[in-house]
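Working notes for the structure below.
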Amino acid sequence: MTLELKSVEKKVGSETWIYPTDLVLQEGAFNILLGTTRAGKTTLMQLMAGLEKPTAGEIWFNGENVTGRRVQDRNVAMVYQQFINYPNLSVYDNIASPLNVLRLSASEIKQRVDSVAALLKLEPYLKRRPAELSGGQQQRCALARALVKDADLILLDEPLANLDYKLREELREELPKLFEDRKCTVVYATSEPMEALLLGGYTATLAEGRVTQYGETATAYRNPVDLTSAKVFSDPPINSAQVQKQGGEFILGGKVRWPIAEKHAALGDGAYVMAIRPHHISPTPQHDQAVSIDGHVVVTELAGSESIVHFHLADGEPWVSQAHGIHDLEVGMDTTLHMDTAHCLYFDTNGALVAT
């Protein structure tokens, strides 16, 4: 059940919402669309489902051109962040509704509904109506209705956003397993890089209507093809600054220097953009390859057992540190932080990756 976009473009008036996109999604795996709000995730899903028609290009599914095919004529299931249920039907009948359309037997419908209700912890609520449920329970009902249908294409648009933390964590683990043995294409949209990493599979990074990279999730995270993709796949934001390579070392801000690794020896001297994720910068040195950088603290946060420090470099560039433990840094103070240069990414001045 391969889904392929061939030069698909979507314009609304004079605005381009999706720039020409070529993408082949993997069957039997989670395909994640990762991007911030208004990056184009929902529009891309609506094009895949047939809810929107592309301005240009073609959509092929399982070897057939389905560009002009109505959504009613496609075997598609979709769940939005905003839960949608039939208010006059019980939870059981809401979940069973797509199976009734398929005219399945009552026994098969019951077996399928009971199975997905158990997975989503909806068993106690099957006789209730949606208005009698909490927001999280209503979203679980909408999710169950999509999962119970044996669809060829399943589109999940940030479906866990309204669920409580514990259930969200459980479903992140269970959802990929649920589709392991199904011959379907699953597309999951999220704005959270950590959620993409937890789900695994394959990830397409989106920025301002463009798919910037697609590949195995772990590979896309570790080896972004450009600075834009690296920024999409980093939360807190990835730190970046221009550096100079001179002979055997890199130089940041004319002051901070570190020796180049052997794998970077072939890079020519000149200007590059260096990027490093916040968890490789700490108020205390964690590795032998750490170099000291001076920063002016502007914001401090505690996130569980982690300390997040927003600081400015000497030239005013805003950076972020994310470190384990509780670090006592005060807003307004000047401090020294430590950067693990083994995890630096290097891009040319146009933003293309040149070395990791």
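The values are calculated or read from the model by the stated rules, or taken from the named source; none is laboratory data. In this text, all values refer to a predicted model and were calculated from it rather than measured experimentally. Note that each Cβ is placed from the backbone with ideal geometry, even for glycine, and that neighbours are counted across all protein chains shown. Ligands, DNA and RNA are stripped out before the accessible areas are found, and what is left, the full protein with its side chains, is counted by its heavy atoms. Shrake-Rupley method; radii C 1.70, N 1.55, O 1.52, S 1.80 Å.
Less than 12 Å Cβ to Cβ from residue 53, Lys/Arg counted +1 and Asp/Glu -1: what total charge do the surrounding residues give?
Summing Lys/Arg as +1 and Asp/Glu as -1 gives +1.
Report residue 73's accessible area, 1.4 Å probe, all protein chains in place, as a number in Å² to the nearest 10.
About 80 Å², ignoring ligands and nucleic acids.
Residue-wise, which Karplus ³J(HN,Hα) couplings in Hz belong to the range 262-279, taking 6.51 cos²θ - 1.76 cosθ + 1.60, θ = phi - 60°, and x for glycine or proline?
So the Karplus estimates, Gly and Pro as x, are 4, 5, 9, 4, 7, 5, x, 5, x, 8, 9, 10, 9, 10, 8, 6, x, 6 Hz.
Quantify, in whole percent, the carbon and sulfur part of the accessible surface of the range 113-202 (1.4 Å probe; protein heavy atoms only).
Answer for the range 113-202: carbon and sulfur cover 44 percent of the accessible area.
Taking the Cβ of residue 308 as the centre, find all other residues whose Cβ is under 12 Å away and add up their charges (Lys, Arg: +1; Asp, Glu: -1).
My count for the surroundings of residue 308 gives -3.
How many angstrom separate the Cα center of the range 293-356 from the Cα center of the range 91-160?
Value for the Cα centre distance between the two parts: 45 Å.
Return one whole number: the accessible area per residue of the range 1-45 in Å², for a 1.4 Å probe.
With the other protein chains kept in place, the range 1-45 gives 46 Å² per residue.
From the phi angles alone, apply the Karplus equation (6.51, -1.76, 1.60; θ = phi - 60°) to the range 292-299 and give each ³J(HN,Hα) in whole Hz, x where the residue is Gly or Pro.
7, 10, 8, x, 10, 6, 10, 8
In Å², what does the accessible area per residue of the range 84-128 work out to with a 1.4 Å probe?
It amounts to 61 Å² per residue over the range 84-128.
At 7 Å along the Cα-to-beta-carbon direction for both residue 257 and residue 181, put a label point, then send me their distance in nm to one decimal.
Distance between the two pseudo-spin positions: 6.3 nm.
Calculate how steeply helix 91-101 sits against the longest principal axis of the alpha-carbon atoms of the chain, using the helix alpha-carbon long axis, and give the answer as 0 to 90 degrees to the nearest 10.
Long axis of 91-101 versus the principal axis of the chain: about 70 degrees.
Provide, for q = 0.09, 0.20 Å⁻¹, the log10 of I(q)/I(0) from a solvent-free Debye sum over equal Cα point scatterers in the range 68-226.
At q = 0.09, 0.20 Å⁻¹ the computed log10 ratios are -0.32, -1.35.
Give me the percent of the accessible area of the range 204-356 that comes from carbon and sulfur atoms, probe 1.4 Å, all protein chains in place.
Roughly 48 percent, rounded to a whole number.
Using amide H atoms built 1.01 Å from N in the peptide plane, name the residues 5+ places from residue 78, or on other chains, whose amide H lies under 5 Å from its own.
155
Where nothing but the Cβ of Lys and Arg (+1) and of Asp and Glu (-1) is charged, how large is the charge dipole of the chain around its Cα centre, in debye to the nearest 20?
1400 debye
So how many Å³ per residue does the convex hull of the Cα atoms of the range 93-156 work out to?
85 Å³
Ordering 172, 182, 129 by how much accessible area each has at a 1.4 Å probe, largest first, what is the list?
129, 182, 172
Please turn the phi angles of the range 335-346 into ³J(HN,Hα) values with the Karplus equation 6.51 cos²θ - 1.76 cosθ + 1.60 (θ = phi - 60°), one per residue in order, whole Hz, x for glycine and proline.
These are the phi-based 3J(HN,Hα) values: 9, 10, 10, 10, 10, 7, 5, 5, 10, 6, 10, 10 Hz.
Averaged per residue, what accessible surface does the range 229-356 expose to a 1.4 Å probe, in Å²?
Dividing the accessible area of the range 229-356 by its residue count gives 50 Å².
What is the set of long-range amide H partners of residue 354 at a cut-off below 5 Å, with H atoms built 1.01 Å from backbone N?
The list, which skips near neighbours in sequence, is 346, 347, 348.
Quick one: helix 106-119 against the long Cα principal axis of the chain, what's the angle to the nearest 10°, folded into 0 to 90?
Orientation of helix 106-119: about 20 degrees from the principal axis.
Taking K and R as +1 and D and E as -1, what net charge do the other residues with C-beta under 13 Å from the C-beta of residue 63 add up to?
That works out to -4.
Among 261, 291, 24, flag the residue with its Cα farthest along the positive direction of the charge dipole of the chain, charges on Cβ as +1 for Lys/Arg and -1 for Asp/Glu.
So the residue we want is 24.
On C-alpha positions alone, give me the angle between the axis of helix 165-178 and the longest principal axis of the chain, in degrees, nearest 10.
With rounding to tens, the tilt is 70 degrees.
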